[in-house]
Amino acid sequence: MDILEYAWLIPVLPLLAFVIVGFLGSKMKDKGGIVSILGVGAGMVIALWSAYELLTTGRIYRDSFEWVILSSDYSLEMGIFLDSVAAMMLIVVSFISFLVVIYSTAYMHDEGPRRHRYFTEICLFVGVMLGLVLANNFFQMFVFWELVGLCSYLLIGFWFERPSAARAAKKAFLVTRVGDVMFMIGLFILFTELHTLNYESVWAALDTADPAMMAFAAFFLFGGAIGKSAQFPLHDWLPDAMEGPTTVSALIHAATMVNAGVYLVARAFPIIATSAEVSLFVGAIGGITAFLAATMALCAPKIKGVLAYSTVSQLGYMILGLGAGAFLWNKGYHVEASIAFGAGLFHLMNHAFFKGQLFLGAGSVIHYVDTEELSRMGGLGKYMKVTSITMLISCLSIAGIPPLSGFWSKDEVLSVTFDAGDAGLTFMVLWVLGVLTAFMTAFYMFRMWFMVFKGQPREGSKQAIEHGHHHEAPIAMLAPLVILAALAFGSGFSLFIGDGFFGAIYYEHAHVLSIGERLEEVFTSPLTYVSIVAAVGGIMLAYYSFYKPKISAEKVVAKGFPKAMHQLLLDRYKFPVAYDKIGYAGLYGFSLLLDKFDRYIIDGIVNGISAFLIRAGGTVRKLQNGFVQSYATLLLFGVSVVLILLYVVGALR
Amino acid sequence: MDYSAIYPELILALFAIAVPAVNILVKDSRFLAGFSLAGVGLSMLAVVMHFVEGTGRVVFDTGLLVLDDFSGLFMLVFLTVAFLVILASIRYIEDERHKAEYYSLILLATVGMMLVAASTDLFVLYIGIEITSLSSYALVAFRKKDIKGAEAATKYFIFGGISSAFTLFGISLVYGLTGTTSFQEVGVLVGTLDGYREMLWLALVMVMVGFGFKVAMVPFHSWAPDVYEGAPTTITAMLAAGSKKMGFVAMFKFFLIGMLAIKADWDVVVAILSIVTMTLGNLAALNQTSIKRMLAYSSIAQAGYILMALPVGTEYAVTGGIFHILTHAFMKGGAFIAVATLATVAIGDRISDYKGLAKRSNFMAFSITILLFSLAGIPPLAGFASKVVLFSSPIMGTVAGSEWMVWLAVAGIINSAISLYYYARVVKYMYVDELDEGAPSERLKLPKGMAAAVAICVLAVIGIGVFPEYFIQLCQNAAQALFA
């Protein structure tokens, strides 16, 4: 039996669970939890099996049918395209989804009947996210792209009675929509230029396409990724999105949906690589995002806030890797480019595991102390052994301490950025930003870990401990934590399995090295030690600031420039304000203006003219006559406008 | 004389006359509606027979009326709308007097629309428009004791009367310039009228007023929100899904047959009006609190999209225009009928009245969601399919010198993005928000006829969205027939 023939079941099974839970969930005792686990789990089994088949045989599976035929030249397909990149995404998405659904059955237990809505939406999300991965063309990807956005909107606003959650949902929806419109424009350009949107046909047609138009297409497609993957300057919705349940943050806003943007960049990689300028732009956006988000994470007051900024920052790393790859390819360094391509995706996979773990761990902490403020926690390590140790592993991993997974991929991203620096100096600057980011990452992660688990219990922890919550979370929550921590530790070793990660996931050129060669390559490079030093330095600084306080963080930011900087970071560089100004004042103001214009100016002119006519005619019955005349005037006004337009345009031509 | 070309109109007109007569014998609303539905069904059958027999173009008498793929398709659209409106009206007007007149007028209005679709001549077209207009004035005023309805009817009547005067004046100018009122002959002659260009423009604008009024094109739109809000909601559905589409048929004929030779003179202006119409409609819809007014502005916006087909003017664009007209008839007609249905069970027409609707009727909440999402153009629903064809037409239709048309597509896409906001808001009210404290919360008992009408629209919207090819083919045949 060829499992790939059944690949279409991967999204269909969770969607089936969605339908069942949606219609019958409210009558079930657990509001659909078990059905969700079964549906998502069954999808996962097929997904993992398919991924195994794809990765071990190296084959590519295609299946499609024509969906809409617009004319003989233009048609849209629905289909499946599975290669090693899709296989990796399948593993990440299906596996983490499965763990999160299990975790949710315990975490959302107190929500009562509302779990019904939660499980319905989660199943829908898992289904459409897997559908996005399976797509064989950009258009189908876009359709699912919109659907995951919808699920994200619904789930961020799960506690819609909180105004902040409702606002965050709206913000996420509107801000990502800016990216979506750009994505759509990109699709239009591709479609008109190449008459197809299928990945493979597009890639094949690039050689003969108009380079200027392809650059535009790449730019606009990347615009979609900026929105979805929360890149600068559309990053600000993601921290707000933390208003949703923590499981949603773990699943959608750390491990799966936000990666869709990176996945899009991977699929559009050949298009982006046609233009050095766009490649550079992609890399620069990634580097800047990584750096800016890391600075904001330094003093974030809430545990989920730290993780949110960290996610934005790490997504920036992935984009930076892919951008560097596209740039290298454009400059003719094909082997380095294909490593860079793999590096970005390698980091995507590792990040999904350790960040998913960190979010679920944060959920366990919040579950225990019932607050998200870091300043109210402390000293929890004793009471939450499993949570604290598993989170420590993930923190070490994201900080980049060898041999944990985060080390391998971050090192690879930084080293390809350095390589790209040979071809374009900007990447040198981005490499420096990347190293600084690595330092800050280690610092803020350990700031968080020390503030939560070490030191004296502060008021929130104290209450929780005194209330006799002397127990860890239930097993349904702990098991996913442990499994993900194991992956956060070890997913980097995929470098050494079989042909290694870069032997399976690459662009055009496989990069197969034996274990010894790989280790030699990594540990003989001075760059590796730069990033290790940055990581250890960050951890040390956090240690002396928050564990054995030799440095007082409060004093540092008490006055002068550091204080101003601290405030600016807390204000998130004023981005939310700017969004409001631009979005609210701009668009909404414009619509208000038009409303006013229609009501006062147009109606005013009309009423004014008719009032004049009435007075001129000396008519008494103002209402009745004014009524008729104002309509007549309105029509005359319209006719004149159109007529004047005709003459003006006629004269201009 | 080959009467088979006008069988559909004849049948419907006979039934329209017969309804009041039948009313003398039977007073029951359901019977009258059934009788009218039979008329609509028979008329539909006559059109379908034409398609099945594949007789192509059938001409009546001296060629003033034809039955071909274009007019046939539109007749089906108008008849379907009439069918749905009558089906939804059974309960909606149950307690009114003059039920027979109501049904009779709906049938007559539909006859007028069908005449417009079949016409090959400006005068016949004008007569068709007038038949529809006069019938619909009376229908809007049907609840004459209702102050809002009466005001709406007066506005509609005055605005409509003036604009049809303009149209008639424009037609007389066209006749004065060319000596003919046949679209085909006008089309041949306008190209030779170089010395009278400005006079021709005046005629063009005059005629445009009447049609623009019918389709609620900016700046002739201001009646629409008031009238849509004040009229009985079933009649609003007919205005939005039927009589408005008649305006587009008239525009297609006048601009793309009659005035094609001087297209370069008017295409930019109509394109500007198209963009202004869609933008103003969408932005104004953002701030509405009444669902009927919101749908009215959304209707204006959709008119802007369809108008796009005129300046592009290719067969593909007209296919897109026709396709969007077809899908819009179901989406908007369905949405208004849904509002009417809810009105019969005491749910008001403020958007906030829809809070927690999903808890009281899953069927209605789901249906409205599908219809609104289709209007917003979310795949795989009908509105998405037709927007794809329509919005891609300016891009594919560009020839040297008309690259600016791409902006039509850009404007359309941006507008669709904006529109999702106000559609999604209604869905949020229905699904996410809880019922107000103390508000009735028992499940709704919906009138069957109305629910059936809504269900038909929802099924059509999904069906067309999933299998668009067959319908695109139909629309393409119609577009070919128009240009033949």
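Annotations for the structure displayed:
- Note on region B:357-401: residues that are away from every other protein chain (no Cβ under 12 Å) and over 22 Å from B:Ala301 (Cβ atoms) amount to 8.
- Residues of region B:328-347 include none that is over 18 Å from the mean Cα position of the chain (by Cα), within 11 Å of another protein chain (Cβ to nearest Cβ) and not acidic (Asp, Glu).
- Subset of region A:236-245 (residues that are touching a Lys or Arg at 6+ places or on another chain (Cβ under 9 Å) and either of a type in the set (Ser, Thr, Tyr) or in a loop (DSSP other than H, G, I, E, B) (or both)): A:Asp236
- Any hit, region A:326-341, residues being free of Cβ contacts under 8 Å to residues at least 60 places away in the same chain, over 16 Å from A:Leu404 (Cβ atoms) and surrounded by 24 or more Cβ atoms within 10 Å (Cβ to Cβ): yes
- Candidates A:Ile366, A:Ile319, A:Ile401, filtered to the one that is within 24 Å of A:Met257 (Cα to Cα), of a type in the set (A, V, I, L, M, F, W, C), in contact (Cβ under 8 Å) with a residue 24 or more places away in the chain and surrounded by fewer than 24 Cβ atoms within 10 Å (Cβ to Cβ): A:Ile366
Here is a yes/no grid of residues against (1) in contact with a helix residue (DSSP H, G or I) (Cβ under 8 Å, 6 or more places away or on another chain); (2) touching a residue at least 60 places away in the same chain (Cβ under 8 Å); (3) more than 18 Å from B:Arg443 (Cβ to Cβ):
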| position | (1), (2), (3) |
| --- | --- |
| B:Ala338 | yes, yes, no |
| B:Ile351 | yes, yes, yes |
| B:Ser361 | no, yes, no |
| B:Phe373 | yes, no, yes |
| B:Gly377 | yes, no, yes |
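- When A:Phe216, A:Phe183, A:Phe220 are screened for being without any contact (Cβ under 8 Å) to a residue 40 or more places away in the chain and either within 23 Å of A:Leu348 (Cα to Cα) or under 13 Å from the mean Cα position of the chain (by Cα) (or both), only A:Phe220 passes.
- Criterion: touching an Asp or Glu at 6+ places or on another chain (Cβ under 7 Å) and among the aromatic types (Phe, Trp, Tyr) - qualifying residue of B:Phe483, B:Phe467: B:Phe483
- Within region A:132-165, the set of residues being within 14 Å of A:Pro239 (Cα to Cα) and surrounded by fewer than 20 Cβ atoms within 10 Å (Cβ to Cβ) comprises just one member, A:Ser164.
- Failed criterion for B:Ala250 (all others in (1) at pLDDT below 90; (2) in contact with a strand residue (DSSP E or B) (Cβ under 9 Å, 6 or more places away or on another chain); (3) away from every other protein chain (no Cβ under 14 Å) hold): (1)
- Scan of region B:464-484 for residues that are surrounded by fewer than 17 Cβ atoms within 10 Å (Cβ to Cβ), more than 30 Å from B:Gln184 (Cβ to Cβ) and in contact (Cβ under 8 Å) with a residue 12 or more places away in the chain, ordered by number: B:Val466
- Which listed residue, of A:Thr387, A:Thr426, is surrounded by fewer than 24 Cβ atoms within 10 Å (Cβ to Cβ) and in contact (Cβ under 8 Å) with a residue 24 or more places away in the chain: A:Thr426
- The combined condition, being under 12 Å from A:Lys228 (Cβ atoms) and at pLDDT below 90, is not fulfilled by A:Thr196.
- Assessment of region B:223-244 against the conditions (out of contact with any Lys or Arg (no Cβ under 9 Å at 6 or more places or on another chain), within 13 Å of chain A (Cβ to nearest Cβ), of a type in the set (Ser, Thr, Tyr) and in contact (Cβ under 8 Å) with a residue 40 or more places away in the chain) yields no matching residue.
- Counting the residues of region B:137-182 that are over 22 Å from B:Tyr102 (Cβ atoms) and either surrounded by 20 or more Cβ atoms within 10 Å (Cβ to Cβ) or more than 23 Å from the chain's Cα centre (by Cα) (or both) gives 18.
- For region A:429-484, the set of residues classified as part of a loop (DSSP other than H, G, I, E, B) and of a type outside the set (Gly, Ala, Ser) consists of A:Lys454, A:Gln456, A:Pro457, A:Arg458, A:His467, A:His469, A:His470, A:His471, A:Glu472, A:Pro474, listed by residue number.
- Residue within region A:187-194 that is within 14 Å of another protein chain (Cβ to nearest Cβ) and among the β-branched types (Val, Ile, Thr) present: yes
- Residues located in region B:129-163, provided they are within 11 Å of chain A (Cβ to nearest Cβ) and of a type in the set (Ser, Thr, Tyr): B:Thr154, B:Tyr156, B:Ser163
Per-residue answers, yes or no, for (1) closer than 30 Å to A:Thr56 by Cα; (2) assigned by TED's automatic domain parsing to the domain that holds A:Tyr6; (3) among the aliphatic types (A, V, I, L, M):
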| residue | (1), (2), (3) |
| --- | --- |
| A:Ser97 | yes, yes, no |
| A:Thr120 | no, yes, no |
| A:Phe125 | yes, yes, no |
| A:Gly149 | no, no, no |
| A:Ile185 | no, no, yes |
| A:Phe191 | no, no, no |
| A:Leu197 | yes, no, yes |
| A:Trp203 | yes, no, no |
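- Residue satisfying condition, being at pLDDT 85 or above, within 14 Å of chain A (Cβ to nearest Cβ) and touching a Lys or Arg at 6+ places or on another chain (Cβ under 6 Å), within set B:Val215, B:Val205, B:Val209: B:Val215
The values are calculated or read from the model by the stated rules, or taken from the named source; none is laboratory data. Small disclaimer: the values here were computed from a predicted structure and weren't measured. Note that each Cβ is placed from the backbone with ideal geometry, even for glycine, and that neighbours are counted across all protein chains shown.
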